[in-house]
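Asker: This is the structure, below, for whatever I ask next.
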Amino acid sequence: AYRTCHEDVKILQTYLAKVFKEDLGHTGSNQDGIDGMFGTKTNRAAKKQLGKSVFTQQDIKGMQTALKMIQHKKQ
């Protein structure tokens with residue numbers, strides 16, 4: 001949810017950045033917007049690409065699985 005800071009938000013942000021090529025800003029250790037904070041840019045991208053701004057644990061697990069599959073295909 002908006003203004004949440006959590007490791008699951010990093011999964012959502014990574015998903016938005018890798019799958020949808022969303023620009024989440026320049027925060028985080030890699031300056032790619034992946035910082036674990038569900039702020040304005042993450043909220044906007046989530047609503048635009050996924051149609052919602054609140055995610056269940058099942059949603060996050062699905063994103064983790066998709067990211068693993070993407071990573072596996074690259075190897």
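Asker: With θ taken as phi - 60° and the coefficients 6.51, -1.76 and 1.60, list the Karplus ³J(HN,Hα) couplings across segment 15-24 in order, rounded to whole Hz; mark glycine and proline as x.
Answerer: Each residue's phi maps through the Karplus curve to give 4, 4, 6, 7, 7, 9, 6, 6, 8, 9 Hz.
Asker: ³J(HN,Hα) across segment 28-35 via Karplus (A = 6.51, B = -1.76, C = 1.60, θ = phi - 60°), whole Hz, x for Gly/Pro?
Answerer: For segment 28-35, the Karplus curve yields x, 5, 9, 6, 10, x, 8, 10 Hz.
Asker: Then there is this: Taking a cut-off of 19 Å, what percent of all Cα-Cα pairs in the chain are separated by more than that? If you can, show how the numbers build up before the last one.
Answerer: Working: 734 of 2775 pairs.
Tail of P(r) above 19 Å: 26 percent of Cα pairs.
Asker: Taking the Cα centre of the chain as the origin and placing charges on Cβ (Lys, Arg +1; Asp, Glu -1), which of 29, 11, 70 is farthest toward the positive end of the dipole?
Answerer: 70
Asker: Still on this structure: With the contact rule set at Cα under 8 Å and sequence spacing of 6 or more, what percent relative contact order holds for the chain? Write out the running numbers ahead of the final one.
Answerer: Details: 79 pairs, mean separation 26.2, N = 75.
Relative contact order of the chain: 35 percent.
Asker: If you add up the charges near residue 22, with Lys and Arg at +1 and Asp and Glu at -1, over every other residue whose beta carbon is less than 12 angstrom from its beta carbon, what do you get?
Answerer: Working: positive: 18, 21, 41, 44, 47, 48; negative: 23, 32.
Charge balance in the 12 Å sphere: +4.
Asker: Helix-only estimate, please: 222 nm mean residue ellipticity of the chain, summing -39500 (n - 2.57) across DSSP H runs of length 4 or more and dividing by its residues, to the nearest 500.
Answerer: Numbers: 3 runs with 43 residues, N = 75.
Result for the chain: -18500 deg cm²/dmol, rounded to the nearest 500.
Asker: In sequence order, what are the phi-derived ³J(HN,Hα) couplings for segment 51-58 according to the Karplus relation 6.51 cos²θ - 1.76 cosθ + 1.60 with θ = phi - 60°, rounded to whole Hz, with x for glycine and proline?
Answerer: Each residue of segment 51-58 in turn: x, 7, 10, 10, 10, 8, 4, 5 Hz.
Asker: How would you classify segment 2-46 from its alpha-carbon gyration tensor, with a ≥ b ≥ c the square roots of the eigenvalues: rounded for a/c under 1.5, else prolate if a/b is greater than b/c, otherwise oblate? Intermediate values should be presented prior to the final figure.
Answerer: Values: a/c = 1.34, a/b = 1.14, b/c = 1.18.
Judged from the Cα gyration tensor, segment 2-46 comes out rounded (a/c under 1.5).
Laboratory data are not the source of any read-out in this text; all were calculated from the coordinates shown. Computed from a prediction, not measured in an experiment: that's the story for all the values here. For neighbour counting, all protein chains shown are included, and Cβ atoms are generated from backbone atoms with ideal geometry for every residue, glycine included.
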